[in-house]
Amino acid sequence: VPTDVLAMLHAPVDDEQEVVLTDADLRDPTLLAELGAVAGGGDDDDVLQLEKQVVQLKREALAAKRANDKATAMAKLREAKQLKDRISQIEAAAAADAARVAHV
């Protein structure tokens, strides 16, 4: 009896139930989107927010530089660099997860 995987994802979890995904399931964009949402697939939103913060910090650094406040400008640029590093970590983790799912 085929199991409706999407219905299971949204159903309350009472018992452990084994779900077998076929190759076709792993190529189904709707199912993959649902699985990503359930598994915390908000990485894209996180990255977008971080990128917006990077842009804002760079603007603040430029404004500080123009005001001859080099210490603040450098601090803002360091903070922006840390956020860019975090973006790289999130993207690398997402790529590793996608590769792992593709090989299942």
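Every read-out reported here was derived from the displayed coordinates using simple, explicitly stated rules and does not represent laboratory data. All values reported here derive from a predicted model rather than from experimental measurement. Heads up, the Cβs are rebuilt from the backbone with ideal geometry, glycines too, and the neighbour counts pull from every protein chain shown.
Setting aside same-chain residues fewer than 8 positions from Lys70, which lysines have a Cα under 19 Å from its Cα?
Output for Lys70: Lys58, Lys81.
With a Förster radius of 22 Å, plug the Cβ-Cβ distance of Asp97 and Leu26 into 1/(1 + (r/R0)^6) and report the FRET value to the nearest 0.05.
Working: r = 13 Å, r/R0 = 0.59.
Calculated value: 0.95.
Under a Cβ-Cβ cut-off of 14 Å, what is the net charge of the residues other than Leu62 that fall near it, where Lys and Arg count +1 and Asp and Glu count -1? Don't skip to the end; give the middle numbers.
Details: positive: Lys58, Arg59, Lys65, Arg66, Lys70, Lys76; negative: Glu60, Asp69, Glu79.
Its environment carries a net charge of +3.
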